[in-house]
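Please read the structure below before turning to the comments.
The values are calculated or read from the model by the stated rules, or taken from the named source; none is laboratory data. What you see is a predicted model; the values in this text were computed from it and never measured. Don't worry about glycine lacking a Cβ; one is built from the backbone with ideal geometry, like all the others, and counts go over all protein chains shown.
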Amino acid sequence: MTTLFTDRLWNRVEPVWNSYLEHPFVKGLGDGTLEQEKFKHWLKQDYVYLIDYARLFAIGSSKAEDLDKMVTFAKLLHGVLDVEMDLHRNYAAEFGISKEELEATEASAITTAYTSYMLNLSQRGGVENVVASVLACEWSYNFIGKSLAKWPGALDDNFYSSWVEMYSSNEFTELAEETKQLMNQIAEGKPEQELARLEEIVVKTSQFEYMFWDMVEKKEDWPVNAE
Ligand SMILES: Cc1ncc(C[n+]2csc(CCO)c2C)c(N)n1
């Protein structure tokens, strides 16, 4: 039996992703104790992150070599803009933050570095770079959601239960599975050197995911106030 490329990736990223579950921000989401000011920082930074993230799918759609892949990217694009970002808009409304205010958030240093890394790779390469760039984000949130959903009380009604519900939902599991399948299709027949290069992208984006959790935990923006 041949191993899937995503199984090989899993072996590399598992230790990094397990570290997310030990991170105070993620633990706070799971046990419902996360400080709301920290969550607000995540909400705003993640909103502007998702705007650039959505562009990645648009790039993927334009670079797709067949209609099937074009449709997959378009579906993923819709998933970000109309499903995932609705979660953010709903939470923002509870905080009294408008859509416009969310959208006007200035991206922090880490948000900028992370989205610029993915956009640069996706603009330079073909669909393989796009899929390698988006994979860890989607799959790791689903991994976190499903892990937290097993924690006692995580799905009981608390401020963060809809977060856990959304990222562990069947709909998001399917989106992550679809992206994994796409990665496996694209990896098929590629030489080892190319597979190793794509693997590095998934490892780096997984590291960026950790940095993002840490940035929101510390409510970081930019290191020096230049107002
Ligand atoms: C920093 C950061 N990383 C990953 C996600 C999760 N995510 C991004 S796109 C997508 C799939 C379709 O919307 C998912 C699950 C996030 N929100 N923020």
For Leu102, the lone unmet condition from (1) at pLDDT below 95; (2) under 30 Å from Gln36 (Cα atoms) is (1)
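Report, by residue number, each residue of the stretch 99-150 that is of a type in the set (D, E, K, R) and within 17 Å of Arg55 (Cβ to Cβ).
Here is the first cut: in the stretch 99-150, the ones of a type in the set (D, E, K, R) are 99-101, 103, 106, 124, 128, 138, 146, 150.
Correct list: Glu103, Arg124, Glu138.
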Condition set surrounded by fewer than 21 Cβ atoms within 10 Å (Cβ to Cβ), free of Cβ contacts under 8 Å to residues at least 60 places away in the same chain and part of a helix (DSSP H, G or I), scope the stretch 137-160, selection farthest from the ligand (Cβ to nearest atom): answer is Ala149
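Within the stretch 175-184, does at least one residue satisfy the condition of being within 15 Å of the ligand (Cβ to nearest atom), among the basic types (Lys, Arg), under 23 Å from Val130 (Cβ atoms) and touching a Ser or Thr at 6+ places or on another chain (Cβ under 8 Å)?
First, the residues of the stretch 175-184 that are within 15 Å of the ligand (Cβ to nearest atom): 175-183.
Still in the running and among the basic types (Lys, Arg): 180.
Among the residues that remain, those that are also under 23 Å from Val130 (Cβ atoms) are: 180.
Now restrict to residues that are touching a Ser or Thr at 6+ places or on another chain (Cβ under 8 Å): 180.
Yes, the stretch 175-184 has at least one match.
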Here are some residues: Ala92, Ala113. Which one is within 26 Å of Gln207 (Cα to Cα) and assigned to a helix (DSSP H, G or I)?
Ala113
Anything in the stretch 176-225 that is in contact (Cβ under 8 Å) with a residue 24 or more places away in the chain and either on the phi > 0 side of the Ramachandran plot or β-branched (Val, Ile, Thr) (or both)? List them, or say none.
Thr179, Ile186, Ile201, Val202, Val203, Thr205, Val216, Lys219
Please state which one of Ala74, Ala104, Ala109, Ala92 is in contact (Cβ under 8 Å) with a residue 60 or more places away in the chain and more than 10 Å from the ligand (Cβ to nearest atom).
Ala109
Going by the structure shown, is Ser61 on the phi < 0 side of the Ramachandran plot, buried (at least 17 other Cβ atoms within 10 Å of the Cβ) and of a type outside the set (Asp, Glu)?
yes
Here the qualifying pairs (Cβ atoms under 9 Å; residues six or more apart or on different chains; first in the stretch 49-68 and farther than 13 Å from Val130 by Cβ and in a helix (DSSP H, G or I); second of a type in the set (D, E, K, R) and within 14 Å of the ligand (Cβ to nearest atom)) come out as Leu50/Glu84
Could you go through the stretch 205-221 and let me know if any residue there is of a type in the set (A, V, I, L, M, F, W, C), out of contact with any Cys (no Cβ under 8 Å at 6 or more places or on another chain) and farther than 20 Å from Lys44 by Cβ.
no
Filter pass, Glu194 being at pLDDT 95 or above, acidic (Asp, Glu) and crowded, with 18+ Cβ neighbours inside 10 Å
no
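When the residues of the stretch 3-50 are filtered to those that are among the basic types (Lys, Arg) and closer than 26 Å to Glu199 by Cα, which remaining residue is farthest from the chain's Cα centre (by Cα)? Walk me through it before giving the result.
Taking the stretch 3-50 first, the residues among the basic types (Lys, Arg) are 8, 12, 27, 38, 40, 44.
Pick out the ones that are also closer than 26 Å to Glu199 by Cα and you get 8, 12.
Details: Arg8: 20, Arg12: 18 Å.
Within the stretch 3-50, the match that is farthest from the chain's Cα centre (by Cα) is Arg8.
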